[in-house]
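K.L.:
Can you keep this structure in mind? I'll have questions shortly.
The values are calculated or read from the model by the stated rules, or taken from the named source; none is laboratory data. As the structure is a prediction and not an experimental result, all values here were calculated from the model. Heads up, the Cβs are rebuilt from the backbone with ideal geometry, glycines too, and the neighbour counts pull from every protein chain shown.
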Amino acid sequence: MEVRIAGKAGFCFGVNRAIEMARATVFERAGPVYSLGPLIHNPQVQARLAEMGIKEISDPVEADTGTLIIRSHGVEPAVLQTARARGLNIVDATCPFVHRAHVLARDLTAKGYQVVVVGDKNHPEVRGIIGWTGEQGLVIENADESSLLSLTGKIGIIAQTTQSLDNFKSTVEAISKTAAEIKVFNTICSATAERQQAALELARQVDVMVVAGGINSANTRKLVDICRKSGKTTYHVETAADLKQSWFRGAKVAGLTAGASTPDWIIEEVKRRMSDNEEMVSAEEGMKDAVEVKALRHGEIVKGVVVHVGQDEVMVDVGAKSEGVIPIRELSCCEVTSPQDVVKVGDEIEVCVLKAEDNEGKLILSKEKADAEKAWAKLEEALNTQEPINGTVREVVKGGLLVDVGARAFLPASLVERGYVEDLSKYLGQEITARVIEINRGRKKVILSRKAVLEEDYARIRQEMLENLQEGQIVKGTVRRLTQFGAFVDIGGVDGLLHISEMSWYRINHPSEVVKVGDELEVMVLKVDRENEKISLGLKQVLPNPWDSVDEKYPVGSIIIAKVVRLAPFGAFVQLEPGVEGLVHISHLADRHVAKPEEVVTEGEEVNVKVLSVDKADKRIRLSIREVTKEKQERESRDYSSAMGQETDNEVITIGDMVGNVFEKKD
């Protein structure tokens, strides 16, 4: 069998530069040497670096002294600041292409652009770029995601350096349809684009493709996807040991490419093993103890291991002569937008054989049918025993939710919560616990109730709470609902009533003046009616009582400003502060006879009052406006007399001096 290697394969400039800088650091620097995360997404190379003395850490705080190597993916500014603050020497091996993306992200953000990075949200390179936007940037993986966001305003677009050019272009085109202003910077590494193009061209020329590289390497996985999209069977290996002879049966020409994190020695080993394949196959076939290849039948349920997760299919090794393919529609009983939401590489799963060989010779499998076979027995048992089951919400449909419980189950909107739920989309992707209330296997019908489980939990918690609550106890709670007469507060799964009269030491007209829905409070348990299952709560009891210090704040004889809050036939009530009111009796409203208080004061008016007496025990304060007026008049009279006395000491004042000469002729 002929083996052809892609024109561009293996270490890229940035990775090779980082490895060389790491080696030089070990020999040139004293003290411990660390790499922040794996320096390269290749376990074999990482093992060799570890042998050289480079220790991998995930955070600068793990190192006390020594040198820290920043890998080619780069990091956010906060990480560099932390490392410098700890006194670490920094060797920055950030790839120049990535560094350019950092500078663009920083500058675009400073100019008011919304930065969008086209790439993988979880990739360390992308997380680093977002850090240079002050965590204000957005990450979009493809054009479909951008259409959901409808981005407007000033948009600056940057690419993850390992992105495919086609995906970058289609995403930019989708964003440009809604953005008012757009700036595009193609930060894709030229070597990445060349490597991907070379892999695609080679895949079109051969019978089978092999891609060598770390299982966690993003750029290697992209090469696998590109080769598979060409229509050729493609296998992903880390080393030559992962190769299987059965892959190459009948193949005349095999292609080999490698990710940017794959060293030359691994590529050579894989090539040599592939080249020797024909002899190995012959030897294997002649051996009686050769590994048995499974002969699979339609409808058979078998176990397998996920070896690749693509955008629209999953490949599973089930021990057959080739990996089986699970189309995305056969992954789950419910609609799936991304296979990564259901499985990941390395998962052991059960699958049902749909076709031992399709028109292209592929083994077609179904996880959904295998799951359903197991699920129906469990569902019927759950219906009989009324034991709750777990499932994952996959879709929001008219009238409720579709839940994956191994089979497709319907959860009506009215049975999702104990109360009404306006937005069901918040449950998407969540694992929930519900009870099976109806099954019809013939019609593939399963009805669930999450409300039944919640009601039981609520009843149990309520009973425990009622048994353990004591009057006078201080508890924490959350305001759930307001009414005209008070608020219902959740104090740990049980609602208690906080009456409006127990909210404040002063009079209020509506609970919203003191609390709002969602507030977290400390309240006192005032009464527990276990027979009728009612709990009364108080808020003012845990707040300072303003009457405790009125005698100190308002001593007898003091004059203060107060607000008239209401009028009565016998006088006016005024507020000294929230929660403290006093009475100005009608006889103390003015220094004359007053028939009605409104002749002198009006509600809302601020007046000066004099404290006549304070009765803290009975919460009564007597006040007087008349005394304030009287004191003011006496003070003015004294001031006037004093002023007159000073003038008579200096000169004789006649009547004419005081009133003027009324007969004096005016000019």
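K.L.:
Exactly one of these conditions fails for GLY472: (1) part of a loop (DSSP other than H, G, I, E, B); (2) in contact with a Leu (Cβ under 6 Å, 6 or more places away or on another chain). Give me its number.
P.N.:
Just one mismatch for GLY472, condition (2).
K.L.:
Filtering region 377-404 down to residues that are aliphatic (A, V, I, L, M) and under 11 Å from ARG435 (Cα atoms), which residue is farthest from the chain's Cα centre (by Cα)?
P.N.:
Checked region 377-404; the qualifying residue farthest from the chain's Cα centre (by Cα) is LEU383.
K.L.:
While we're on this one: So, in region 520-541, of the ones that are free of Cβ contacts under 8 Å to residues at least 12 places away in the same chain and of a type in the set (D, E, K, R), which residue ends up surrounded by the most Cβ atoms within 10 Å (Cβ to Cβ)?
P.N.:
Among those that are free of Cβ contacts under 8 Å to residues at least 12 places away in the same chain and of a type in the set (D, E, K, R), it is ASP529.
K.L.:
Among the residues of region 155-194, write down those that are among the aliphatic types (A, V, I, L, M) and either closer than 28 Å to ILE5 by Cβ or without any contact (Cβ under 8 Å) to a residue 40 or more places away in the chain (or both).
P.N.:
Selection gives ALA159, LEU165, ALA174, ALA179, ALA180, ILE182, VAL184, ILE188, ALA191, ALA193.
K.L.:
Inside region 302-313, can you point out the residues that are under 22 Å from GLU431 (Cβ atoms) and either part of a loop (DSSP other than H, G, I, E, B) or touching a helix residue (DSSP H, G or I) at 6+ places or on another chain (Cβ under 8 Å) (or both)?
P.N.:
VAL309
K.L.:
Can you find even one residue in region 505-519 that is buried (at least 19 other Cβ atoms within 10 Å of the Cβ), over 35 Å from the mean Cα position of the chain (by Cα) and modelled with pLDDT of 90 or more?
P.N.:
no
K.L.:
Would you please name the residue that is surrounded by the most Cβ atoms within 10 Å (Cβ to Cβ), looking only at residues in region 487-504 that are among the small types (Gly, Ala, Ser) and outside any strand (DSSP E or B)?
P.N.:
Once the filter is applied, the top-ranked residue is SER504.
K.L.:
In the set LEU39, LEU68, LEU49, LEU104, which member is of a type outside the set (Asp, Glu), buried (at least 18 other Cβ atoms within 10 Å of the Cβ) and assigned by TED's automatic domain parsing to the domain that holds GLY131?
P.N.:
LEU104
K.L.:
Out of all the residues in region 61-82, which are free of Cβ contacts under 8 Å to residues at least 40 places away in the same chain and either more than 26 Å from PHE13 (Cα to Cα) or among the β-branched types (Val, Ile, Thr) (or both)?
P.N.:
If the condition is that a residue be free of Cβ contacts under 8 Å to residues at least 40 places away in the same chain and either more than 26 Å from PHE13 (Cα to Cα) or among the β-branched types (Val, Ile, Thr) (or both), then VAL61, GLU62, ALA63, ASP64, THR65, GLY66, ILE70, GLN81, THR82 are the ones that fit.
K.L.:
Consider PRO96 carefully, then state whether it is at pLDDT below 90 and surrounded by fewer than 17 Cβ atoms within 10 Å (Cβ to Cβ).
P.N.:
Yes; evaluated as a whole, the condition is true for this residue.
K.L.:
Further question on the same structure: Is it true that ILE157 is β-branched (Val, Ile, Thr), at pLDDT below 90 and surrounded by 15 or more Cβ atoms within 10 Å (Cβ to Cβ)?
P.N.:
So ILE157 fails the test.
K.L.:
Give me the pairs, please: first residue somewhere in region 245-270 and at pLDDT below 90, second residue anywhere and aromatic (Phe, Trp, Tyr), beta-carbon distance under 6 Å, and either six or more positions apart or on two chains.
P.N.:
Sorted first by the residue in region 245-270, then by its partner, the pairs are TRP247/TYR235.
K.L.:
Also, quick follow-up: Mind listing whichever residues of region 521-534 are modelled with pLDDT of 90 or more, out of contact with any helix residue (DSSP H, G or I) (no Cβ under 6 Å at 6 or more places or on another chain) and of a type in the set (A, V, I, L, M, F, W, C)?
P.N.:
Result: LEU521, VAL523, VAL525, LEU526.
K.L.:
Can I ask one more? Report yes if some residue within region 610-617 is of a type outside the set (D, E, K, R), surrounded by fewer than 17 Cβ atoms within 10 Å (Cβ to Cβ), in a strand (DSSP E or B) and touching a strand residue (DSSP E or B) at 6+ places or on another chain (Cβ under 7 Å); otherwise report no.
P.N.:
yes
K.L.:
So, one more: Taking region 370-384 only, how many residues are crowded, with 17+ Cβ neighbours inside 10 Å and either more than 16 Å from ASN440 (Cβ to Cβ) or of a type in the set (Ser, Thr, Tyr) (or both)?
P.N.:
Total satisfying the criteria: 2.
K.L.:
Of all the strands (runs of 3 or more DSSP E) wholly in region 164-242, which have at least 1 residues that are more than 27 Å from ASP317 (Cα to Cα) and not charged (D, E, K, R)?
P.N.:
Correct list: 181-185.
K.L.:
When you look at LYS183, is it among the charged types (D, E, K, R) and either in contact with a His (Cβ under 8 Å, 6 or more places away or on another chain) or surrounded by 15 or more Cβ atoms within 10 Å (Cβ to Cβ) (or both), yes or no?
P.N.:
So LYS183 passes the test.
K.L.:
Further question: Would you mind telling me which numbered condition in (1) touching a strand residue (DSSP E or B) at 6+ places or on another chain (Cβ under 7 Å); (2) part of a helix (DSSP H, G or I) GLU464 fails?
P.N.:
(1)
K.L.:
Quick one: which strands (runs of 3 or more DSSP E) lie wholly within region 314-422 and hold at least 1 residues that are within 30 Å of ARG481 (Cα to Cα), among the aromatic types (Phe, Trp, Tyr) and touching a residue at least 60 places away in the same chain (Cβ under 8 Å)?
P.N.:
none
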